[in-house]
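Read through the structure below, which is laid out as structure tokens, and then see the notes.
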Amino acid sequence: MTMAVMNKAGALYQYGQYSQYGIQDRQTGFGSSTDDTETADKIVTVTTDTTDTTARITSVTYSDEAIAELIYMIEEEKLAGDVYEYFYDLYGLPIFENIAESEDRHFEALIKQAEKLGIDVDDFVFAEAGSFENEELQELYDSLIEMGSESLTAALEVGVIIEEKDMIDIAAAIDNVEGTQLASVYENLLEGSVYHLDAFEALLG
């Protein structure tokens with residue numbers, strides 16, 4: 001059975017046999033998204049004009065959808081780190097430890113952005129490994145752990161699944177917050193996911 005995932009740009013991704021592991025189009029996950037006139041919390045950033053010593057205050061507002069997306073991405077980065085740590089403990093292959101550490105940095109970067117928006121992040125920061133608020137991500141984690149526990153090759157294939165999904169979701173998130181500090185953070189995460197995907201695919205040959 002083949003499942004198709006459509007990203008915001010319209011590119012079609014086929015996951016084939018992996019459809020049973022709950023990979024979905026994230027863009028359908030918000031249900032009642034708001035239009036551009038509706039905003040959520042406000043983030044204030046300070047920049048300094050190099051020709052003037054006076055600091056300028058720039059106010060940036062994010063939609064409810066962008067806030068929901070940020071919260072989802074926080075847990076998605078946690079999922080990646082938790083899965084890779086599990087597989088490192090299981091197989092001892094350094095790639096899992098190395099990329100898990102990178103995913104932890106991604107998680108921390110998004111946590112900092114959420115804190116600037118006044119979002120309570122305690123549920124994510126103090127959550128146990130393998131535990132998620134989002135039911136979709138909880139089911140995905142459980143399924144990927146089951147899949148990757150079958151063999152080392154299967155675990156590396158899980159890495160490919162995670163990074164491909166991550167790239168789709170990050171690209172969509174960037175579209176919703178273009179020109180903001182949050183978009184810059186997402187872009188750094190996207191670059192990291194590209195490297196992670198290349199590393200897993202190289203080991204799979």
Going by what's in this entry, would residue 99 be described as crowded, with 24+ Cβ neighbours inside 10 Å and in a helix (DSSP H, G or I)? yes
Restricted to the range 169-205, and to residues that are buried (at least 17 other Cβ atoms within 10 Å of the Cβ) and of a type in the set (Phe, Trp, Tyr), which residue is farthest from residue 111 (Cα to Cα)? 200
Total residues in the range 158-168, condition touching a residue at least 60 places away in the same chain (Cβ under 8 Å) and either open to solvent by 20 Å² or more (accessible area, probe 1.4 Å) or farther than 30 Å from residue 91 by Cα (or both): 1
Just to be sure before I move on: is residue 114 open to solvent by less than 10 Å² (accessible area, probe 1.4 Å) and either more than 18 Å from the chain's Cα centre (by Cα) or farther than 29 Å from residue 204 by Cα (or both) in the structure I sent? yes
Among the residues of the range 123-143, what is the count of those that are in a helix (DSSP H, G or I) and more than 15 Å from residue 73 (Cα to Cα)? 3
Residue 90 at pLDDT 95 or above, surrounded by 14 or more Cβ atoms within 10 Å (Cβ to Cβ) and farther than 21 Å from residue 171 by Cα: yes
Could you list all residues from the range 118-132 that are more than 21 Å from residue 142 (Cβ to Cβ), without any contact (Cβ under 8 Å) to a residue 40 or more places away in the chain and exposed (fewer than 13 other Cβ atoms within 10 Å of the Cβ)? 120, 122
Looking at residue 85, is it open to solvent by less than 30 Å² (accessible area, probe 1.4 Å) and touching a helix residue (DSSP H, G or I) at 6+ places or on another chain (Cβ under 6 Å)? no
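The values are calculated or read from the model by the stated rules, or taken from the named source; none is laboratory data. What you see is a predicted model, and the numbers here were worked out from it, not measured in a lab. Glycine gets a Cβ as well: all are built from the backbone with ideal geometry, and neighbour counts include every protein chain shown. In case anyone asks, the SASA skips ligands and DNA or RNA and just uses the protein heavy atoms, side chains included. Shrake-Rupley method; radii C 1.70, N 1.55, O 1.52, S 1.80 Å.
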